[in-house]
Amino acid sequence: MRLDSRAVHAGREPRARDPLAPPIVQTSVYVFDDLEDYDAVADGRRPGHLYARNSNENVAMLEAAVADLEGAEAGLATASGMAAISAAVSTFAPRPAPVVAAADTYGSTLGLLRQDLAPLGYELRVVDTGDLEAVERALTGAALLLCETITNPLCRVTDLEAICRLGAAHGVPVLVDNTFASPLLCRPLEAGAAAVVHSATKYIGGHSDLVAGVLVGDRALVERARARVIRNGACLGPFEAWLAVRGLRTLHLRMRRHSDNALCLARHLDGRPGVRVVHHPLLENSPYFEVASRLLPHGSGGMFALDLAGGREAVQTMLRRLRLVRFAASLGGVETTVSYPDLTSHRSLPPEERLARGITPGTVRISTGLEDPEDLRRI
Ligand SMILES: Cc1ncc(COP(=O)(O)O)c(C=O)c1O
């Protein structure tokens, strides 16, 4: 099946007399008649579920669907995107080791590496993934390289093919956060990544009504990560998984409209008075245009950023004037929203580091929704 049809059907094959829509299996535990049966399910010799921290029908459906769309052997759903990232990093690097992270990585991911893992002895090597020589130097002896397909908030596109080639040459697995692109626009495993994580809170769920994460990769890796999540308890609940699967069924349609609307709005705002820069990788003047056109031939999703010349005050004025669009510190929903990285996603980074990465007091991140583009031009 092609990708669009897989978005509609992945993870489920209803049999005769099954409900067409999947039921929500809202239980913490499952019943058994005898010890032998329980033992066989616990050992994986028979299919089934024991306890909702270990597995559940709705969670398994989400895992299978995202794995299918990403072209992975297996998936693991978690309580949030951060739980998926945390499970992935600690599975690739179960004991203190050098971890290479793209300088543009989402603020909380860098926070996890700096505040939780570095004190345990992990060595964090932050690199500009646009500088392949620097990446190569950082890879020596590393346990993992972590990067994002499209970075938050400046929407720089990582050359995943080049990065994965370097990772392979140095025997370092590459973990890609594919949240901004979704598997409908980019499948990092095809470029050579070892595993992919998502904040399913964003485009996979797509309606700003759940928090969830997914890790996909080869079965052995995913099962090692699953064992960790069963122990640390960062599991996903059945209702969130059900909502995420419901969202995923329209991911192909949404990603197309998000991409079209974002590019249309970015073009509309580019060059307007007071707008210093529009960071959209598919604007012809973007330094990422070539790599984005190659890696994201069907669009780059709904995210882009603006740098307003008037700094924080200009952002405040803009927010007060907005009518259709609201300030909200998440992304990937059906409504267009704006966020302010200085106070939200990148709050945990020191101001000088934000500036060094191009996030200024005038940076506004836009998550373009599914409205009519004509209305968006008048936001
Ligand atoms: C790129 C990216 N990765 C991971 C996360 C973390 O996801 P969650 O909030 O679901 O834990 C976010 C959240 O904004 C994100 O933008």
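The values are calculated or read from the model by the stated rules, or taken from the named source; none is laboratory data. None of the values given here were measured: they were computed from a predicted structure. Please note: Cβ atoms are built from the backbone with ideal geometry, for glycine as well, and neighbour counts cover all protein chains shown. Ligands, DNA and RNA are stripped out before the accessible areas are found, and what is left, the full protein with its side chains, is counted by its heavy atoms. Shrake-Rupley method; radii C 1.70, N 1.55, O 1.52, S 1.80 Å.
Taking the criterion of being away from the ligand (no atom under 14 Å from the Cβ) and either under 24 Å from Arg6 (Cβ atoms) or open to solvent by 80 Å² or more (accessible area, probe 1.4 Å) (or both), the residues of region 222-247 that qualify are Val222, Glu223, Arg224, Ala225, Arg226, Arg231, Asn232, Pro238, Phe239, Trp242, Val245, Arg246. In this structure, Ile366 does not satisfy being closer than 18 Å to Gly274 by Cα, outside any helix (DSSP H, G or I) and open to solvent by 40 Å² or more (accessible area, probe 1.4 Å). Residues that are open to solvent by less than 70 Å² (accessible area, probe 1.4 Å), assigned to a loop (DSSP other than H, G, I, E, B) and modelled with pLDDT under 95 are absent from region 68-76.
Every condition in (1) part of a helix (DSSP H, G or I); (2) farther than 20 Å from Ala328 by Cα holds for Cys235 except the one numbered (1). Looking across region 77-92, just one residue is open to solvent by less than 20 Å² (accessible area, probe 1.4 Å) and more than 16 Å from the ligand (Cβ to nearest atom), and that is Thr91.
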